[in-house]
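Taking it in order: structure first as structure tokens, then the write-up.
The values are calculated or read from the model by the stated rules, or taken from the named source; none is laboratory data. Keep in mind that this is a model prediction, so the values were computed, not measured. For neighbour counting, all protein chains shown are included, and Cβ atoms are generated from backbone atoms with ideal geometry for every residue, glycine included. In case anyone asks, the SASA skips ligands and DNA or RNA and just uses the protein heavy atoms, side chains included. Shrake-Rupley method; radii C 1.70, N 1.55, O 1.52, S 1.80 Å.
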Amino acid sequence: MNDETLIEPLEQESEEQKQWRRWRLILGGGPCDGICISLGGHDQQIDHALTALYGKDQKLAKQGGSRQGGMGKSILNVARWLGDIREYFPTPIVRIMQQDAIERLGLRQLLMEPEILETLDPDEHLVAELLSLKHLLPDTTRDTARLVVKKLVDDLLRRLTNPMRQAVLGSLNRAIRNRRPRHQEIDWNRTIRINLKHYQPEYKTVIPERLIGFSRRRSAMRDVILCIDESGSMATSVVYASVFGAVLASLPAVRTHLVVFDTSVVDLTPGLSDPVDVLFGTQLGGGTDIDKALGYCQQLITRPQDTIFVLISDLYEGGDRRNMMRRASSIVASGVQFIALLALNDDGAPSFDSQTAKALAKLGIVSFACTPQLFPDLMAATINRKNIAQWATSHNIPYTHQSERE
């Protein structure tokens, strides 16, 4: 075709027309795309939004790369573009495009403008970016940035609190049963199931010869220590771990500690009632000293048989690796359940130090990446002292095998 053919989306368009439109949006137009099709209507607006970000001219980059002269116009154009992509694309795609704009076009400076922040749909990547910039944020933007972080935290709490509470409390109740419960302590579902063989047809009832109740213990039944590497590569894991830490801290049956580290160690446990404060207490970036973090966390372990220790790190040790392994061995030998999570996010397989993971595997410490959706089930399995390697296998999660040699 020498002349461009105009194709507009129709309600009853053919499959061939749909394919032509999609290819045109993918290829971006121009003399080299080989299609020679121009778009109209709604598709033309979508094409403009894509071209601004992915086109060779990258209009947003030209307008957003400097604070000199044209910054006011840049803010207006970027804000308009952000509104356009929310109109044309579903939320998951919007978040990907926002992240691409920050990374590809050098728009980090625009994150310091409250007008831009107010228009963004927050996700864990955006929040991690804001937290890494928090010391550079001007006063006019700091409050807006906090509202953006709070919006994401509230959304994560809404989605993750109930699964976490149900998984953990259900496992604790199953782990310790009261065989002589008071009336208010009876687990009726379990009691009825176990006594069904004593059903009396003439009375149409079950004779409960054996009562099953929940534990009478009022003190914490498990200690959970979340030890989080806050180096730059672990930024999104820090976001999710902080939210989970806040949920665990709200459970009276669990005593929770949350410790973050780079080359220094900070105990954020006192702030767990407000995960937004916890996140603003992190220092995303910097080096990694796992040895120092393990040394601090060892001081928090008072009931090793009832303690779950979760190290969230890519295992790239910048400190004393030999001493780190000695500490890890000591923690395991004391009876603590030790898990190494290479990531706690939805980003897929992470980069990690495979040699350290293999060395930990020899100590019986399983290393793998975990999604936020599976983390509650992982905690439940740990509380019930299930084999974590088998748990990972059942969920098709690759992990470092104990048989692997360094």
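Whether any residue in region 296-316 is outside any helix (DSSP H, G or I), closer than 24 Å to SER233 by Cβ and touching a Pro at 6+ places or on another chain (Cβ under 7 Å) is what I want to check.
Yes; the residues of region 296-316 include at least one that is outside any helix (DSSP H, G or I), closer than 24 Å to SER233 by Cβ and touching a Pro at 6+ places or on another chain (Cβ under 7 Å).
Do we have THR140 as open to solvent by 50 Å² or more (accessible area, probe 1.4 Å), assigned to a helix (DSSP H, G or I), modelled with pLDDT under 85 and not small (Gly, Ala, Ser) here?
Yes.
Looking only at region 361-389, count how many residues are more than 25 Å from ALA253 (Cβ to Cβ), surrounded by fewer than 20 Cβ atoms within 10 Å (Cβ to Cβ) and not basic (Lys, Arg).
3
Quick one: what pairs do we get from region 324-341, first residue within 13 Å of ALA389 (Cα to Cα), second open to solvent by 30 Å² or more (accessible area, probe 1.4 Å) and part of a helix (DSSP H, G or I), C-beta under 8 Å, 6+ apart or different chains?
The qualifying pairs are PHE338/VAL332.
Here are GLU115, GLU124: which of them is farther than 22 Å from THR51 by Cβ and modelled with pLDDT of 80 or more?
GLU124 is the lone residue from the list that is farther than 22 Å from THR51 by Cβ and modelled with pLDDT of 80 or more.
Against the definition (part of a strand (DSSP E or B), in contact (Cβ under 8 Å) with a residue 40 or more places away in the chain and under 18 Å from the mean Cα position of the chain (by Cα)), how does LEU248 come out, yes or no?
No: the conditions fail for LEU248.
Does ASP347 fit the bill of being open to solvent by 60 Å² or more (accessible area, probe 1.4 Å) and either assigned to a loop (DSSP other than H, G, I, E, B) or aliphatic (A, V, I, L, M) (or both)?
Criteria met by ASP347.
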